[in-house]
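First up is the structure itself, then whatever we jot down about it.
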Amino acid sequence: MLESPQTTRRAREILGARTFELYKQTDRLFAVLFVVQWIAAVAAAAWFTPLSWRGNEHYLHVHIWASVLLGGLLAAAPIAMAILKPGSMATRMTISVAQAAYSALLIHLSGGRIESHFHVFGSLAFLAFYRDWRVLVPATVVVASDHLLRGVFWPNSVFGVLTPSLGRALEHAGWVLFEDVFLVWSCIVGMRDMRQAALTQAQLEQAKASTEQIVQQRTAELQQRTEELEASVREAKLMAQKLVNAQKLESIGQLAAGISHEINTPMQFISDNTLYLKECIDRLLAMTEMYSQIADMTGPDIPWSERRRQINAMLEQSHYEELKREVPAALIESQDGIERVVTIVRAMKYFSHPGTAEKELSDLNQLVRNTVTISRNRWKYVAKVELELDENLPAIPLLPAEINQVLLNLVVNAADALREKYGDLERPAGVITIRTFCDAENANVEIEDNGDGIPEEIRCRVFDPFFTTKEVGQGTGQGLAISHDIVTNKHRGQLDFVSRMGQGTVFSLKLPIADCYHPQHPQAGVVIAAT
Amino acid sequence: MPVKATNRTTDLACIAALVIWLASSVVGFSMLVAYSQSPGTLETPPLDALDVDWHPRTPFRLFVAIHPQCTCSRATANELARILHDHSDVLACKVLMYQPESAPREFGETWLMSHLATLPNTTIVRDVEGRTARTLGMRTSGSVVLYGPTGSALFYGGITVARGHEGDSVGSQCILSLLENQPPATTSTDVYGCPLERPATSP
């Protein structure tokens, strides 16, 4: 990994913190060591040289005082520095000097024993714990100076010879330097390792920070995408709803001409009948007037035979027999027409209802009847509709407006399939059979036609959005896709079909009847919604 | 007071304390070394030791005066052990153990005397009040006198460099030289140890 200035700076910070911590820890170790050494010095003095004698009298040995006072003095400064200024260079240097001095003290107190000289080498090794080669310098200087100065100016005190011995002093200092070489090397290597470790950590931190930054950036992007996606989903749902409404309006629109025709036909003959009845009433009023005049006995004296002749002439002139026969017929026919219009209008009103968000218990048979009524103009020239409705069908919890749309799509599709096969005829050859029935779990609606059936190769695409076999302008290809969505997603039902080529197609609509109302097994607390 | 100035004052105080500490340590060490290097009383021995009834077969005779309780003399015992280790065939050693008159016999039962008793060709005798030692000019524990084959004194003094300090010493080297018929660097050295006589005020 490349070292950026930032990484280098951070590595330097980490190294500084770690070395400072190392210095502090080692300072504390030395503080403890000095206490131990002090105790050891007093113990050594007490053990080896407790008393001095003069004849038969004794007194406390100078070494005891030296161990207590000088040993305490030597330990006091480094301990104080370790407490007051831990980790500082001054502390390390003080400890270095004091440790070398302690070597001299212990050697002295032990009577110059060879074994005690190992304290010098042990101390140097201990000082190397700092991994700071500079710390070795004061200790080495103290040891070397002691040997050099005493070797030159006081040889008997250290080498046991009277003549100055610079060579031996150098030899002694040389052994110390010999150890120093390795200790300095280990300090440099140790510090290099620490530096490398600090650099590695800095690089890891930078990589982590970079990764976190990338993660945050990606998270922000992902969040933005999620929000966009949620907005898209909301929009899609809205669009889907609009599409459903559009498809519904399309269906109604396509039916509008036929419905208007269905309304117009009865309205036409109602109008004709009304005109005819008006004429008939005029004639009846005229007859009534004439009856009144003929029956007037206050005027000229006209014989009854003449009066009878005039009445007969008037009845014949007014086509009374026709009136007697046609007026009731016209009224019945008009009443029938009005009922047809009312039925259509009621069905239209039901269809055009915007629907509800919550399901309501509905009469599925009534929905079928409404659909058949609304779509009559689409099928009456190509088929006759046979209804085989189970009158014991329970009320089903459903969205009536949505199911109406499904039924309308299926009926219109069946009619279109029959028109494709038979064309428009005076006497339609096609049959659309709509049956309803109930099983243990579902209320079922089957819409069967005897058309050509659906070709094998397109059966798997029937419920695909925008798939249609109709000519452009005849359909959007959304009818069955929306119907499938309404049945499966909004009602947890099933919409399937079975088709046989040349024989026709049966669409099966299954709607769960959970919590539904069954007339033969009414459940308490369940209310049939108005249908 | 600003923090910077406070730190500076603290640093100066610290430096001053360290300097004082360093100086005190140097002084302390100097005093210790000076004590260690302060020799005891030594007199010239008689030219021969005819008055001492001891006639070993070895050509060289070494008299050593030891205060059994003197811790400084342990170093002398160790140096003596080194000398005798290689030269016990030519050197016999007689240790004159200081025994105060008023002290019990257990006075001399110390680790030091036990150690000396293990040395080769070495004899230990009680020297009441150090009288014998004094006849040989030895008034300090750790003093030695070497007599040669002719019966004359060849070397006297101490065989340690300081009080209780082991290691090479001029005295040891001189004795070894004489044992090997080599001329010694000197015939006398300082001796470091406890005095073998009572203080003047002592009863």
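The values are calculated or read from the model by the stated rules, or taken from the named source; none is laboratory data. Remember, it's a predicted structure, so these values are computed and weren't measured experimentally. So basically every Cβ, Gly included, is an ideal-geometry build from the backbone, and we count neighbours across all protein chains shown. Side chains included, ligands, DNA and RNA excluded: accessible areas come from the protein's heavy atoms. Shrake-Rupley method; radii C 1.70, N 1.55, O 1.52, S 1.80 Å.
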### Query
What size of dipole, in debye to the nearest 20, comes out for the range A:5-213 about its Cα centre when the only charges are +1 on Lys and Arg C-beta atoms and -1 on Asp and Glu C-beta atoms?
420 debye
### Message
Using the Cα centre of chain B as origin and beta-carbon charges of +1 (Lys, Arg) and -1 (Asp, Glu), tell me which of B:Tyr35, B:Thr187, B:Leu176 is placed farthest towards the positive end of the dipole.
### Response
B:Tyr35
### Message
Apply the Karplus curve 6.51 cos²θ - 1.76 cosθ + 1.60, θ = phi - 60°, to the phi angles in the range A:480-496 and return the couplings in whole Hz, x for Gly and Pro.
### Response
6, 4, 5, 4, 4, 5, 4, 6, 7, 8, 8, 10, 6, x, 9, 10, 10
### Task
Name the long-range amide H neighbours of B:Ser188: under 5 Å, sequence gap of 5 or more, or other chain; modelled H, no Pro or chain starts.
B:Tyr156
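Please report Rg over Rh for the range A:1-116, where both radii come from the alpha carbon positions and Rh follows the Kirkwood definition. Kindly include the intermediate steps, with their values, before the conclusion.
Working: Rg = 20.5 Å, Rh = 16.3 Å.
Reported Rg/Rh (Cα atoms, Kirkwood Rh): 1.25.
Expected output is a single nm value to one decimal: the length gained when fully extending between A:Ser232 and A:Gln217, i.e. 0.36 nm times separation in residues minus the C-alpha distance. What is it?
Values: separation 15, 0.36 × 15 = 5.40 nm, distance 2.19 nm.
Net length gain for the segment: 3.2 nm.
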#### Entry: Probe 1.4 Å, all protein chains present, accessible-area order of A:Ile214, A:Ile432, largest first
A:Ile214, A:Ile432
### Buried accessible area, chains B and A (both chains, 1.4 Å probe, Å² to nearest 100)
3300 Å²
### Query
Which number do you get for Rg(Cα) / (2.2 N^0.38 Å) in the range A:5-213?
1.29
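Within the set A:Lys242/A:Lys380; A:Lys490/A:Lys510; A:Lys278/A:Lys380; A:Lys248/A:Lys510; A:Lys384/A:Lys421; A:Lys242/A:Lys359, which residue pairs have Cα atoms separated by over 24 Å?
Values: A:Lys242/A:Lys380 30 Å; A:Lys490/A:Lys510 12 Å; A:Lys278/A:Lys380 32 Å; A:Lys248/A:Lys510 21 Å; A:Lys384/A:Lys421 14 Å; A:Lys242/A:Lys359 19 Å.
Long pairs (Cα-Cα over 24 Å): A:Lys242/A:Lys380; A:Lys278/A:Lys380.
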### Message
For A:His61, what residues show an amide H to amide H distance below 5 Å, using hydrogens built from the backbone and excluding near sequence neighbours?
### Response
A:Leu51, A:Ser52
### Message
Tell me the per residue accessible area of the protein assembly as shown using a 1.4 Å probe; a whole number in Å² is fine.
### Response
53 Å²
## Note on the structure
Computed for chain A: size of charge dipole around the Cα centre, +1 on C-beta of each Lys and Arg, -1 on C-beta of each Asp and Glu, debye to nearest 20, value 3820 debye
### Message
At 222 nm, what value in deg cm²/dmol follows for the protein assembly as shown if DSSP H runs of at least 4 each add -39500 (n - 2.57) and the sum is divided by all its residues, to the nearest 500?
### Response
-19000 deg cm²/dmol
### Query
If you wrap a convex hull around the C-alpha atoms of the range A:320-442 and split its volume per residue, what is the figure in Å³?
138 Å³
#### Entry: Equivalent ellipsoid, the protein assembly as shown (semi-axes from 5 times Cα gyration tensor eigenvalues, Å)
145, 25, 24
### Message
Net charge within 14 Å of A:Val176 by Cβ-Cβ distance, Lys/Arg positive one each and Asp/Glu negative one each, not counting A:Val176 itself?
### Response
-3
### Summary
Rounded to the nearest 10 degrees, the helix B:3-36 long axis (Cα) sits at an angle to the longest Cα principal axis of chain B of 10 degrees
### Query
Heavy-atom accessible area of A:Trp65 with all protein chains present, probe 1.4 Å, nearest 10 Å²?
140 Å²
### Task
Please arrange B:Met138, A:Met267 by accessible surface area, largest first, computed with a 1.4 Å probe and ligands excluded.
A:Met267, B:Met138
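Just the number, please: carbon plus sulfur as a percent of the accessible area of the protein assembly as shown, 1.4 Å probe, no ligands or DNA/RNA counted. Mind dumping the intermediate values first?
On the way: 23140 of 38640 Å².
After summing per-atom areas, the C and S share lands at 60 percent.
If you take the Cα Rg of chain B and divide it by 2.2 N^0.38 Å, with N the number of residues, what do you get? Mind showing how you got there, number by number?
Details: Rg = 22.3 Å, N = 203, 2.2 N^0.38 = 16.6 Å.
That works out to 1.35 for chain B.
From largest accessible area down, sort A:His63, A:His119; use a 1.4 Å probe on the protein chains. Please list the in-between numbers first.
Numbers: A:His63 5, A:His119 40 Å².
Result of the area sort, largest leading: A:His119, A:His63.
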### Message
Which residue, A:Pro50, A:Thr91, A:Val135, has the largest displacement toward the positive end of the dipole of chain A when charges sit on each Cβ (Lys, Arg +1; Asp, Glu -1)?
### Response
A:Pro50
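Evaluate E = 1/(1 + (r/R0)^6) for A:Trp65 and A:Glu205, where r is the Cβ-Cβ distance and R0 equals 60 Å; express this FRET efficiency to the nearest 0.05. Working shown, then result.
Working: r = 56 Å, r/R0 = 0.94.
Taking R0 as 60 Å, the efficiency between A:Trp65 and A:Glu205 is 0.60.
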### Task
Convert each backbone phi in the range A:446-454 into a coupling constant with the Karplus relation 6.51 cos²θ - 1.76 cosθ + 1.60 (shift: θ = phi - 60°), then list the ³J(HN,Hα) values in order as whole Hz, x for Gly and Pro.
10, 10, 10, 10, 10, x, 7, x, 9
### Query
Under a 5 Å amide H to amide H cut-off, with H placed in plane at 1.01 Å, what residues pair with B:Gly40 once short-range neighbours are removed?
B:Val191, B:Tyr192, B:Gly193
### Message
Please compute one quarter of the surface area of the Cα convex hull for the range B:60-179 and express it in square nanometres.
### Response
6.5 nm²
